[in-house]
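K.L.:
Below are the structure tokens for one structure; questions will follow.
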Amino acid sequence: MTTQAASIPESELASQSEPELERSLVLWLTNISHATNHFQNQMVAALYPIIMSELGFNYFQLGTITAIRSVFGSGSQVLYGFITPFISRSHLLGVGNMVLGLGTLITGAVSGYWPFIGARTITAVGSSVQHPVGASLLSGYFPRNRGAILALNNSVANIGSLLAPAAAGFLLLVMGWRQVFFIVAIFSLVMGGAYFFFRDRFGSVGHGQSRRARLSQGKPAICVCSATATSWSSRWSRWSARPVVTAASIRPISGRTSSTTSS
């Protein structure tokens, strides 16, 4: 028995000793917050026509909002991946959800186009924590069946995306678009606060490591971003080096031209 116990990794022993109640709470808190995240991102599509009419911006400006949110959301995911070894994942998820809730509250209170851009950018920064850090948290709590757990998490999130347009349209029948944002913001704030009750004591990447070792854990996110930029730069250089084809550079084939003339 002693030999078998010694052969089991410490991480697996920690997984076996983890309270089932805490694991279930972390699972469903992450599932619900992920679904709420998707719900907020998808419900805005049903609210945009009314918002655009009231705040006075057009579809080009709407596309600008989407582009800005994409840039800040993607950049925030790189940042979250880098700082995860230094900060508790559950606390990071709590901060992200509270930032999402705060941005949603501000969205419902703005009165102009530029404040609306700022509010939606805040929500993009807050919501982008869910995918990288939430998946890491669940993988740490459920190392043996992480595939099934992550599939469940994504399925529950897609339910939020499915229900969002219909629910937003129904809410517009009984209240204004600002009140819709206020109500949804409460859910994000509550779930963000709930994350702080968990210590993230299992499966943390930087737990028990030196500062240099934890720093090396965050480097892959920066390396991926740098490699992507380098790849696109080299593609652009090869494309720009190609010769430009003009009408003057196109010469007719003599054989084909003569046969065409004789016919």
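K.L.:
In segment 60-115, which residues are aromatic (Phe, Trp, Tyr) and in contact with a Phe, Trp or Tyr (Cβ under 6 Å, 6 or more places away or on another chain)? Don't jump to the end; show me each part of the working.
P.N.:
In the first step, residues of segment 60-115 are kept if they are aromatic (Phe, Trp, Tyr); the result is 60, 72, 80, 82, 86, 113-114.
The one that is aromatic (Phe, Trp, Tyr) and in contact with a Phe, Trp or Tyr (Cβ under 6 Å, 6 or more places away or on another chain): Tyr113.
K.L.:
Do you know which residues across segment 70-89 are of a type in the set (Val, Ile, Thr) and either surrounded by 20 or more Cβ atoms within 10 Å (Cβ to Cβ) or outside any helix (DSSP H, G or I) (or both)?
P.N.:
Of everything in segment 70-89, those that are of a type in the set (Val, Ile, Thr) and either surrounded by 20 or more Cβ atoms within 10 Å (Cβ to Cβ) or outside any helix (DSSP H, G or I) (or both) turn out to be Thr84, Ile87.
K.L.:
Just checking, does segment 117-128 include any residue being over 21 Å from Phe72 (Cβ atoms) and not polar (S, T, N, Q)?
P.N.:
no
K.L.:
Mind listing whichever residues of segment 36-63 are without any contact (Cβ under 8 Å) to a residue 12 or more places away in the chain, among the hydrophobic types (A, V, I, L, M, F, W, C) and surrounded by fewer than 12 Cβ atoms within 10 Å (Cβ to Cβ)?
P.N.:
The answer is Phe60, and nothing else.
K.L.:
Something else about it: Just one of (1) under 22 Å from Ser88 (Cβ atoms); (2) not in a helix (DSSP H, G or I) trips up Arg144, so point out which.
P.N.:
(1)
K.L.:
Oh, and also: Check whether at least one residue in segment 198-211 is at pLDDT 90 or above, more than 22 Å from Arg23 (Cβ to Cβ), outside any helix (DSSP H, G or I) and polar (S, T, N, Q), and report yes or no.
P.N.:
no
K.L.:
Of everything in segment 30-50 that's more than 30 Å from Arg146 (Cβ to Cβ) and within 18 Å of the chain's Cα centre (by Cα), which residue is modelled with the lowest pLDDT?
P.N.:
Here the residue is Ala45.
K.L.:
Quick one: in segment 124-140, of everything that is of a type outside the set (A, V, I, L, M) and surrounded by fewer than 22 Cβ atoms within 10 Å (Cβ to Cβ), which residue is nearest to His38 (Cα to Cα)?
P.N.:
That would be His131.
K.L.:
Look at Pro165 and say whether it is at pLDDT below 95, within 25 Å of Gln61 (Cα to Cα) and surrounded by fewer than 22 Cβ atoms within 10 Å (Cβ to Cβ).
P.N.:
Against the criterion (at pLDDT below 95, within 25 Å of Gln61 (Cα to Cα) and surrounded by fewer than 22 Cβ atoms within 10 Å (Cβ to Cβ)), Pro165 qualifies.
A quick yes/no check of all residues on (1) at pLDDT below 95; (2) farther than 20 Å from Ala45 by Cβ; (3) part of a helix (DSSP H, G or I); (4) in contact with a Cys (Cβ under 7 Å, 6 or more places away or on another chain):
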residue	(1), (2), (3), (4)
His91	yes, yes, yes, no
Val99	no, yes, yes, no
Ser111	yes, yes, no, no
Pro132	yes, yes, yes, no
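K.L.:
Let me ask something additional. Identify the single condition in (1) more than 28 Å from Arg23 (Cβ to Cβ); (2) in contact (Cβ under 8 Å) with a residue 40 or more places away in the chain; (3) of a type in the set (A, V, I, L, M) that Leu92 does not satisfy, given that it satisfies every other one.
P.N.:
(1)
K.L.:
Determine whether segment 51-64 contains at least one residue that is under 21 Å from the mean Cα position of the chain (by Cα), farther than 13 Å from Asn97 by Cβ, assigned to a helix (DSSP H, G or I) and not aliphatic (A, V, I, L, M).
P.N.:
We begin by selecting, within segment 51-64, every residue under 21 Å from the mean Cα position of the chain (by Cα); these are 62-64.
Filter again for farther than 13 Å from Asn97 by Cβ, leaving 62-64.
Now drop any that are not assigned to a helix (DSSP H, G or I), which leaves 62-64.
After this cut, where a residue has to be not aliphatic (A, V, I, L, M) as well, the list is 63-64.
So far as segment 51-64 goes, yes, one or more of its residues are under 21 Å from the mean Cα position of the chain (by Cα), farther than 13 Å from Asn97 by Cβ, assigned to a helix (DSSP H, G or I) and not aliphatic (A, V, I, L, M).
The values are calculated or read from the model by the stated rules, or taken from the named source; none is laboratory data. Computed from a predicted model, the values in this text were never measured in an experiment. Here the Cβ is made from the backbone with ideal geometry for all residues, glycine too, and neighbour counts use every protein chain on show.
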